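For reference, the structure discussed in these notes is given below.
The values are calculated or read from the model by the stated rules, or taken from the named source; none is laboratory data. What you are looking at is a predicted structure, and each value in this text was computed from that prediction instead of being measured. So basically every Cβ, Gly included, is an ideal-geometry build from the backbone, and we count neighbours across all protein chains shown. Just so you know, the surface numbers come from the protein's heavy atoms only, side chains and all, with ligands and any DNA or RNA stripped out. Shrake-Rupley method; radii C 1.70, N 1.55, O 1.52, S 1.80 Å.
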Amino acid sequence: MIAIIDYDAGNIKSVEKALQFLGQDVKITACPQEILTADKVILPGVGAFGDAMENLKCRGLDQVIRQVTEKGTPFLGICLGLQLLFERSDETPGIEGLGILSGEILRIPAEGGLKIPHIGWNSLHLENNGRLFKNIEEQAYVYFVHSYYLKAKEEDCVKASAEYGTHIHASVEKGNIFACQFHPEKSGDIGLKILKNFVELD
């Protein structure tokens, strides 16, 4: 069973539908026991970093996520779910993220007439042999919706990057932990391939 963590951060149903399309047994849940016993866990989300961290803490889900990632369960963060895995965000100074991965979330610079938030399709530069990108072509297009971007401390954990006014670390992988700034569930056939690669992980 794949557990999708429910913490009132939106965008959950589209992730559920994409996984069901792939024939997966999926459960949207905030129950710690169901999350801890799941075969794989996904943390989706759209919204504000600070509100999301408060929602996770109120439900005790911050500690559950740490337990899940520590015990080696394949874990996927999507969009806000990626950002929460890191240490801090410009969006809410003083609010600590989960700190499971090293890096910070910065505001996309409003330069050169670029619209913020960054909404739409953008190509990916693939690097460091990411398992999510098995059989995905270089410069594949995926769908983004965000105003803040990841700058990871460990360059070797970055598996895909994108350019939008700055260099965006678009996907990371470290051990059993995977995360995408873009929305695979809204990225057509390429996104479904990425999700399929995640569900097929050992």
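Brief remarks on what is shown
- Number of residues in region 24-74 that are closer than 17 Å to Gly99 by Cβ and of a type in the set (Val, Ile, Thr) equals 4.
- Any hit, region 115-125, residues being more than 14 Å from the chain's Cα centre (by Cα), more than 29 Å from Leu192 (Cβ to Cβ) and open to solvent by 80 Å² or more (accessible area, probe 1.4 Å): no
Here is a yes/no grid of residues against (1) in contact with a Ser or Thr (Cβ under 6 Å, 6 or more places away or on another chain); (2) free of Cβ contacts under 8 Å to residues at least 24 places away in the same chain:
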position: Glu34; (1), (2): no, no
position: Ala38; (1), (2): no, no
position: Gln67; (1), (2): no, no
position: Pro74; (1), (2): no, no
position: Ile105; (1), (2): yes, no
position: Gly112; (1), (2): no, no
position: Lys115; (1), (2): no, yes
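- Test result for Gly23, out of contact with any strand residue (DSSP E or B) (no Cβ under 6 Å at 6 or more places or on another chain), free of Cβ contacts under 8 Å to residues at least 24 places away in the same chain and among the small types (Gly, Ala, Ser): yes
- All told, Ala30 meets the bar of being buried (at least 17 other Cβ atoms within 10 Å of the Cβ) and in contact with a Lys or Arg (Cβ under 6 Å, 6 or more places away or on another chain).
- A count restricted to region 93-133 and to residues that are in a loop (DSSP other than H, G, I, E, B) and hydroxyl-bearing (Ser, Thr, Tyr) stands at 1.
- Candidate set: region 136-194, residues that are among the small types (Gly, Ala, Ser) and open to solvent by 40 Å² or more (accessible area, probe 1.4 Å); chosen: the one modelled with the lowest pLDDT: Gly165
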